[in-house]
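J.: Here you go, one structure.
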Amino acid sequence: MKLSPWGLELVAESPHAVISLDPSGAVTTRVHNGTAAPLRPGRVRLTARLDEDASGGYLWIHGRYMQKDALLRRFGAPPESGYLGEYVVAGEGGRRYVSRGVAALALPRRSPAVLLVGALRLDRFFFDIELELDESERCVRSLSLVFDLEETELPPGGDLELPAVRVAAGLEPWPLIEGWADEVAREMRARVPDHVPTGWCSWYYFYNRVSEADIRANVEEMARQRHPAEYVQIDDGFQSSTGDWLTPNERFPSGMRALADLIRGRGYKPGLWLAPLVLHEASATLREHPELALRTPEGEVYFVDTWLGRCAVLDCTRSDAEAWLRRVVRTAVRDWGYVYLKLDALAFAAVSSELVRYSRAGTTGPAHLHRALEVVREEAGDETFILGCTCHFGSAIGVVDAMRVGPDVKAVWADGPRPSVRHAMRMTLQRNWMHRRWWINDPDCLIVRESSTQLSEVEVRFLASAIVLSGGMVVASDDLPALTPARRQLALALFPPVGRAARPLDLGEGPVPSLWRVELDGQALLGLLNWDDTARDVEVAAHGAGLTDFWSNAPQEQTIRLQPHEGRLLRVKQS
């Protein structure tokens with residue numbers, strides 16, 4: 001099939017697939033079993049030969065969930081440092097770049113220069129875009145659209161319609177990405193709350209050793225200072241074991257309902273962290289109810305290695321497992337009174353049906369996760385705020401209210417692809433296009449403390465600046481009674497959130513832009529981010545007159561020197 005963008009000739013490599021265009025011009029694929037036996041198509045691949053000059057080109061790459069790489073790869077450039085690197089696969093005589101769900105390819109010799117490819121539904125099958133280049137990255141050989149149907153089986157004469165794929169061309173990638181995201185939002189009925197929430201979270205100071213006393217001390221401090229946060233979220237560390245969510249440990253002697261009552265009594269809304277789709281191998285739940293867990297084709301419990309330990313995965317296609325999940329959610333929301341749930345470790349539930357046997361035939365990994373989230377939403381009710389974390393994005397659209405879109409932060413500047421300010425923020429900002437389209441973006445927590453940290457004041461302000469530019473949630477995560485007045489005021493400057501996500505001034509800068517701008521009512525904010533270990537000068541005169549510093553309101557020069565790891569926010573008066 002020939003497509004108008006770039007004149008692509010898409011060919012189905014599977015003999016069972018037929019390509020067509022729907023009335024909107026999106027690519028549709030139908031898989032037909034014309035044989036007399038059941039058919040498992042596996043991976044359905046549509047390929048277009050390109051053989052195009054890659055000089056000056058790039059690929060904008062998207063990962064499936066928050067820890068997975070999101071970046072811009074310039075062809076022929078040295079490998080990007082500090083990423084997982086799963087987006088590139090070396091092959092004989094060339095290499096393959098893989099983007100999940102959506103990709104934007106820029107080739108300057110094409111007109112228009114940018115091609116976007118993205119699936120319009122992401123909740124049943126995983127979808128990849130694969131780009132084949134030669135070893136020197138001078139030539140783009142081919143572009144492939146790949147659906148992973150896992151163990152989906154078609155009966156004789158059966159048909160399967162795969163999700164439509166938008167193929168569009170334009171001059172710049174970011175507007176194409178936003179337009180595609182808007183289409184997905186309409187198709188999947190995204191939930192977008194009417195305001196961006198704020199809060200305090202226990203994790204980044206107390207981690208999993210948090211106690212009831214720690215929560216009480218911070219809530220009392222918040223009440224005393226009249227902290228403007230909306231929620232108080234108790235994170236990992238209250239449960240007796242991962243999976244035994246309804247049994248608090250000895251550090252929470254009063255129980256979880258009493259703590260929720262305290263939070264509400266001080267004027268805040270109680271929130272609770274759960275990882276409800278995994279069961280630790282030593283948990284009482286798994287020991288007493290092993291039938292709730294997913295099984296391998298050989299009938300053994302399927303285990304995954306997580307930061308929470310070795311865990312089994314709940315099989316939400318079983319009625320008893322669904323009933324158990326509903327009881328956990330009902331207890332946390334209805335009995336204990338938590339009106340905000342942070343759901344973590346969700347990606348582990350999107351297990352390919354090639355690896356496990358779901359109780360309900362035809363279930364795929366992303367469909368299983370989507371159904372699990374639907375169960376949580378049904379039991380929690382529409383009024384409960386649900387935040388997804390370590391979650392496949394596509395499975396959650398239309399179910400969650402907010403999503404963590406980048407890796408964990410930490411009180412350290414950089415540590416490769418592990419938790420740090422640099423990695424968390426460069427991945428978060430690359431997903432600004434999701435904000436207020438699919439949900440509210442969560443850029444992770446704000447850490448401003450001066451002790452128990454490796455961050456300099458410059459790096460703290462970088463983190464604060466990037467959170468502002470995300471437009472997303474602002475959640476403090478220090479021990480509030482220990483903050484100095486200066487650091488307390490720095491944090492409070494982010495409340496309330498600006499609410500709107502910044503756009504990059506040059507996405508092609510790669511792997512992540514350093515200049516961002518967000519338009520607000522009556523003004524704009526200009527973000528200057530120095531990701532590097534050396535100082536740099538930035539000319540800002542072209543971005544507006546009367547620039548002032550976000551924090552101090554001091555007038556700014558036309559050239560600003562950014563120190564290593566420095567982030568600056570400038571107010572731009574609108575004419």
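J.: Can Gln563 be described as touching a helix residue (DSSP H, G or I) at 6+ places or on another chain (Cβ under 9 Å), without any contact (Cβ under 8 Å) to a residue 60 or more places away in the chain and not aliphatic (A, V, I, L, M)?
T.: Answer is no for this residue.
J.: Still on this structure, please answer the following. If Ala545 passes every condition in (1) farther than 25 Å from Gly57 by Cα; (2) not in a loop (DSSP other than H, G, I, E, B) but one, which one does it miss?
T.: (2)
J.: Looking at Glu135, Glu187, Glu161 in this structure, which one is of a type outside the set (Lys, Arg) and closer than 30 Å to Leu387 by Cα?
T.: Numbers: Glu135 fails: closer than 30 Å to Leu387 by Cα; Glu161 fails: closer than 30 Å to Leu387 by Cα.
Criteria check complete, one pass: Glu187.
J.: Do we have any residue at all in segment 266-279 that's touching a strand residue (DSSP E or B) at 6+ places or on another chain (Cβ under 6 Å) and either at pLDDT below 95 or farther than 27 Å from Glu383 by Cβ (or both)?
T.: Looking for residues that are touching a strand residue (DSSP E or B) at 6+ places or on another chain (Cβ under 6 Å) and either at pLDDT below 95 or farther than 27 Å from Glu383 by Cβ (or both), one finds at least one in segment 266-279, hence yes.
J.: Can you work out which of the residues in segment 531-547 that are at pLDDT 95 or above and more than 10 Å from Ile560 (Cβ to Cβ) is surrounded by the most Cβ atoms within 10 Å (Cβ to Cβ)?
T.: Only one residue fits best here, namely Trp531.
J.: Return the pairs, sorted by first residue and then second, in which the second residue is in a strand (DSSP E or B) and aliphatic (A, V, I, L, M), the first residue lies in segment 280-299 and is in contact (Cβ under 8 Å) with a residue 40 or more places away in the chain and open to solvent by 60 Å² or more (accessible area, probe 1.4 Å), the beta carbons are less than 9 Å apart, and the residues are 6+ apart or on different chains.
T.: Arg295/Val301
J.: Please tell me if Val328 is on the phi < 0 side of the Ramachandran plot and touching a helix residue (DSSP H, G or I) at 6+ places or on another chain (Cβ under 7 Å).
T.: Judged against the criteria, Val328 is not a match.
Residues checked against (1) open to solvent by less than 40 Å² (accessible area, probe 1.4 Å); (2) within 31 Å of the chain's Cα centre (by Cα):
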{"residue": "Leu21", "(1), (2)": "no, yes"}
{"residue": "Ala37", "(1), (2)": "no, no"}
{"residue": "Arg64", "(1), (2)": "no, yes"}
{"residue": "Ala70", "(1), (2)": "yes, yes"}
{"residue": "Gly76", "(1), (2)": "no, yes"}
{"residue": "Tyr97", "(1), (2)": "yes, yes"}
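J.: Which of (1) in contact (Cβ under 8 Å) with a residue 24 or more places away in the chain; (2) out of contact with any strand residue (DSSP E or B) (no Cβ under 6 Å at 6 or more places or on another chain); (3) more than 27 Å from Val18 (Cβ to Cβ) does Ser111 not meet, given it meets every other one?
T.: Of (1) in contact (Cβ under 8 Å) with a residue 24 or more places away in the chain; (2) out of contact with any strand residue (DSSP E or B) (no Cβ under 6 Å at 6 or more places or on another chain); (3) more than 27 Å from Val18 (Cβ to Cβ), only one is false for Ser111: (1).
J.: Identify, by number, the condition in (1) open to solvent by less than 10 Å² (accessible area, probe 1.4 Å); (2) part of a helix (DSSP H, G or I) that Leu525 doesn't meet.
T.: So Leu525 meets the others, but not (2).
J.: Given the options Glu322, Glu354, name the one that is under 30 Å from Thr152 (Cα atoms), among the acidic types (Asp, Glu), in contact with a helix residue (DSSP H, G or I) (Cβ under 7 Å, 6 or more places away or on another chain) and in contact (Cβ under 8 Å) with a residue 40 or more places away in the chain.
T.: Glu322
J.: How do the strands (runs of 3 or more DSSP E) wholly within segment 415-522 filter down when requiring 2 or more residues that are more than 28 Å from Leu343 (Cβ to Cβ), touching a residue at least 24 places away in the same chain (Cβ under 8 Å) and open to solvent by less than 10 Å² (accessible area, probe 1.4 Å): which remain?
T.: The qualifying strands (runs of 3 or more DSSP E) are 515-520.
For (1) more than 27 Å from Met434 (Cα to Cα); (2) of a type in the set (D, E, K, R); (3) under 29 Å from the mean Cα position of the chain (by Cα), each residue gets a yes or a no:
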site: Gly508; (1), (2), (3): no, no, yes
site: Leu526; (1), (2), (3): no, no, yes
site: Asp549; (1), (2), (3): yes, yes, no
site: Gln556; (1), (2), (3): yes, no, no
site: Gly567; (1), (2), (3): no, no, yes
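J.: Here's another thing I want to ask about it. Could you identify the single residue in Ala493, Ala414, Ala464, Ala424 that is in contact with a Gly (Cβ under 8 Å, 6 or more places away or on another chain) and within 20 Å of Val572 (Cα to Cα)?
T.: Ala464
J.: Mind listing just one residue for me: the one in segment 343-388 that is among the aromatic types (Phe, Trp, Tyr) and not in a loop (DSSP other than H, G, I, E, B) and, of those, surrounded by the most Cβ atoms within 10 Å (Cβ to Cβ)? Steps first, please.
T.: Taking segment 343-388 as the starting set, the residues that turn out to be among the aromatic types (Phe, Trp, Tyr) are 348, 358, 385.
Next, from what is left, pick out any that are not in a loop (DSSP other than H, G, I, E, B): 348, 385.
Values: Phe348: 23, Phe385: 21.
Top of the filtered list is Phe348.
J.: Report those strands (runs of 3 or more DSSP E) wholly inside segment 1-85 carrying at least 3 residues which are of a type in the set (A, V, I, L, M, F, W, C).
T.: Where strands (runs of 3 or more DSSP E) fall fully within segment 1-85 and carry at least 3 residues being of a type in the set (A, V, I, L, M, F, W, C), they are 17-21, 43-53, 58-61.
J.: Specify which of the listed residues (Leu272, Leu277, Leu246) is open to solvent by 40 Å² or more (accessible area, probe 1.4 Å), within 16 Å of Val328 (Cα to Cα) and not β-branched (Val, Ile, Thr). Before you say what the answer is, go through the steps one by one.
T.: Values: Leu272 fails: open to solvent by 40 Å² or more (accessible area, probe 1.4 Å); Leu277 fails: open to solvent by 40 Å² or more (accessible area, probe 1.4 Å).
Residue meeting the stated conditions: Leu246.
The values are calculated or read from the model by the stated rules, or taken from the named source; none is laboratory data. Quick caveat, the model's predicted, so the values are computed rather than measured. Backbone-built Cβ (ideal geometry, glycine too); neighbour counts: all protein chains shown. SASA here: full protein model, heavy atoms, side chains in, ligands and nucleic acids out. Shrake-Rupley method; radii C 1.70, N 1.55, O 1.52, S 1.80 Å.
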